[in-house]
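Beneath this line is the structure, given in structure tokens, with notes to follow.
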Amino acid sequence: PRMKNTVAIASLLRAVNLLGHGRVSMKDLRQLYESCGFQDVTTCLQSGNVVFRTVPIPPTELAATIEAACLEKLGVTTRVMLRTPDQWAEILRSTHFLQEREQRPSHVLVFFLSAQPEPSAFEALRESYKGPEKFHLSGTELFVDYCEGIARSKLTSNLLEKKLGVAGTARNWNTVKKVHQLLEGLRTAP
């Protein structure tokens, strides 16, 4: 039976299926979410993107539930970043790196952060990092243009987390658009 008054949510797991680390099949991940009582669970790609419906739960509680289930049932320690359809739509409406998103969407990443970094932490990052990448902080999202590619960049997830003092997980612009489509489909589902 379908729960009433549910909301659509996108969840992004940090460091899942990344260079052999935190290996999780999307089938197992989907079953894990269903075992938590979530509905209309859909995974997107192999990088720990899951959209689902749930009764309204405070985000910190919801993330903690998913993180605990990942550890208990899959043996994977991860952080979970959650966004609502409205928050996701706001990301797509942003004007950061518009031309770059069109020309090379796999090189423009959005870092979904666990919290908004302190302004002083972001300024310290801006002052200390002098690589070719351009970046812009917008609330709990950090937009990064990896203009010379990602593989050899010194602007790594670990560096960003250390400098900003918050956890985060990145998705390229192609993935951001795919998750958006799934999330909008759930938002408009009867």
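Annotations
- Segments 156-164, 104-112, 175-183 sorted - mean Cβ within 10 Å per residue, highest first: 104-112, 175-183, 156-164
- With every protein chain in place, the stretch 105-170: carbon and sulfur % of accessible area (1.4 Å): 51
- Shape category assigned to the stretch 140-190 from the gyration tensor of Cα positions, a/c cut at 1.5: oblate
- To the nearest ten degrees, helix 59-69 and the longest principal axis of the Cα atoms of the chain are 70 degrees apart.
- Of 86, 145, the residue with the largest accessible area leads and the full order is 86, 145 (1.4 Å probe).
- Against the criterion of solvent-accessible heavy-atom surface with a 1.4 angstrom probe, 125, 82 sort, most first, into 82, 125.
- In the assembled protein chains, residue 94 presents an accessible area of approximately 20 Å² (probe radius 1.4 Å).
- Environment charge at residue 51 (Cβ cut-off 15 Å; Lys +1, Arg +1, Asp -1, Glu -1): +3
- Global geometry of the stretch 71-163, whether rounded, prolate or oblate, following the gyration tensor of its Cα atoms and the 1.5 cut on a/c: rounded
- Centre separation in Å (Cα based) which lies between the stretch 19-96 and the stretch 157-174: 17
- Accessible surface, 1.4 Å probe, highest first, among residues 91, 57: 57, 91
- Qualifying trypsin sites (Lys or Arg not before Pro) in the stretch 60-130, DSSP loop, other Cβ atoms within 10 Å at most 12: 130
- Measuring nothing but how far apart in sequence close Cα pairs (under 8 Å, 6+ apart) lie, relative to its length, the stretch 15-112 scores a relative contact order of 19 percent.
- A straight Cα-to-Cα reach below 19 Å connects residue 130 with the lysines 154, 162, 163, residues fewer than 8 places away in its own chain not being considered.
- Taking the chain and dividing mean pair separation by its residue count, relative contact order in percent (alpha carbons under 8 Å, at least six apart): 25
- Seen from residue 78, the other residues with C-beta closer than 15 Å to its C-beta sum to a net charge of +1, counting Lys and Arg as +1 and Asp and Glu as -1.
- Selection of trypsin sites (Lys or Arg not before Pro), the stretch 23-52, meeting DSSP coil and at most 14 other Cβ within 10 Å: 23
- Accessible area per residue, Å², the chain with all protein chains present, probe 1.4 Å: 52
The values are calculated or read from the model by the stated rules, or taken from the named source; none is laboratory data. Treat the numbers as computed from the prediction; the structure is a model and nothing was measured. Cβ: placed from backbone, ideal geometry, glycine included. Neighbour counts: every protein chain shown. Calculation scope for accessible area: heavy atoms of the full protein, side chains included, ligands and nucleic acids excluded. Shrake-Rupley method; radii C 1.70, N 1.55, O 1.52, S 1.80 Å.
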